[in-house]
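This report refers to the structure that appears directly beneath it.
The values are calculated or read from the model by the stated rules, or taken from the named source; none is laboratory data. It should be emphasised that the depicted structure is a prediction, and the values quoted were computed from it without experimental measurement. Cβ placement follows ideal geometry from the backbone for every residue including glycine, while neighbour counts extend to all protein chains displayed.
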Amino acid sequence: MPRKESNDVEKLISLLEYMANGINQNERRTEDVYSLGLLQPLMQGYPYLGFTGFSMRPYCINHIINDIIINGRQCIIEFGAGISTILISRLIKKNGLNTTVISVDHEDAWAKLINEQLKNEQLCEVATVISIPLRPCDLALDGSLWYAVDLLNLALKDRQFDMAIIDGPPAWEPSKERARYPALPYLIDRLQSRSSVYLDDVNRKGEQDIIERWKKEFGLAFNIAGSSLAWCTLGQAFHTAPIRSHY
C-alpha cells in the first residue's frame, strides 16, 4: 500500500511538471512571436537569417536590443556569434549608433561565415567576429574549456565594455553544464561602471548555478526575463524587457 501511494504521488508530480512545462512553452511561443514582430524592421529588406534551435530566442534578442537603444550601450562584447550578432549590427547601422560589437566564437569556420555575412551587408565597421579556440582555463569549473585567455587578451587589448552577452561556449552536454562560468570573472575588471550583463539559456541547471555563484562572488543582482535570459545592470539603467516579465 505505501508503495502504491508513492507511485501515485510520483505520477502526480510528473503530471504537474508536464503541465507546467506546457504552460512555459506556450508563454515562450507568445513572447517569441510578439518579439519577431518587433524585430521586423531589422529583418525585412535584408538577407534571410536562418533561426535554428541553437539561435538566441527572438524575445532575448529584443530585450538586448532595447537595452542598446534605451540605455545607450556603445561597447559590446559577445561570447557566441550568430543571429544576434547580425541583428545587433543591423540595428547599429540602421539607427546610426556610435556602438561597436566584438563577438567571440570558438569555431573558426562559423566565425568566418558570420564575418562574411557582416561584410556582405557592409557591417564590418560596427562589428567583427574573432575566432578564439577553447583551452584549459584557470577560471573554469569542472575542468571545462574556455576561450584561450592569452589570445583573448591580445585581441581585446585594453578595451572596456558596457554590455556583455554570454551565449557561449556550448554548455548543453552534461560534462559542460557550467562552461560559461569564466565569462564574468574574466570581464569584471573590463566592465564600465554603467553596464549590463546577459547570460542566455538560464532555464538550464548549469546556467542557474552560474548566476548563483556570480551573485555571491560579485554581489550582482541577476533577474530572469522570458524564463531563459538572466540579466543584471551595473549602475543606473532603464527597464528594457519587450514584455513585462515576472521579476
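Counting only residues that are crowded, with 21+ Cβ neighbours inside 10 Å and small (Gly, Ala, Ser), which one in the range 98-145 is farthest from Gly206 (Cα to Cα)?
Ala127
Only one residue in Val202, Val197 is in a strand (DSSP E or B) and within 29 Å of Asn115 (Cβ to Cβ), so which one is that?
Step by step, each of Val202, Val197 is checked, and only Val197 is in a strand (DSSP E or B) and within 29 Å of Asn115 (Cβ to Cβ).
Looking at the range 172-193, can you tell me whether even one residue there is closer than 27 Å to Thr233 by Cα, assigned to a strand (DSSP E or B) and of a type outside the set (Gly, Ala, Ser)?
Yes, the range 172-193 contains a residue that is closer than 27 Å to Thr233 by Cα, assigned to a strand (DSSP E or B) and of a type outside the set (Gly, Ala, Ser).
How many residues are of a type outside the set (D, E, K, R) and in a helix (DSSP H, G or I) if we restrict to the range 73-112?
Residues in the range 73-112 being of a type outside the set (D, E, K, R) and in a helix (DSSP H, G or I): 12 in total.
Can you tell me how many residues within the range 196-226 are in contact (Cβ under 8 Å) with a residue 60 or more places away in the chain and in contact with a Leu (Cβ under 7 Å, 6 or more places away or on another chain)?
The qualifying residues number 2.
Take the conditions closer than 21 Å to Tyr48 by Cα and either in contact (Cβ under 8 Å) with a residue 60 or more places away in the chain or of a type in the set (Gly, Ala, Ser) (or both) and apply them to Ala155. Does it pass?
Spelling it out, it is not the case that Ala155 is closer than 21 Å to Tyr48 by Cα and either in contact (Cβ under 8 Å) with a residue 60 or more places away in the chain or of a type in the set (Gly, Ala, Ser) (or both).
Looking only at the range 176-196, count every residue that is of a type in the set (Ser, Thr, Tyr), buried (at least 18 other Cβ atoms within 10 Å of the Cβ) and within 16 Å of Trp231 (Cα to Cα) and tell me the total.
3
Report, ordered by the first and then the second residue, all pairs with beta carbons closer than 9 Å, sequence separation of six or more or different chains, a first member in the range 53-74 that is under 14 Å from Arg90 (Cα atoms) and buried (at least 24 other Cβ atoms within 10 Å of the Cβ), and a second member that is at pLDDT 95 or above and aromatic (Phe, Trp, Tyr).
Ile64/Tyr198; Ile64/Trp231
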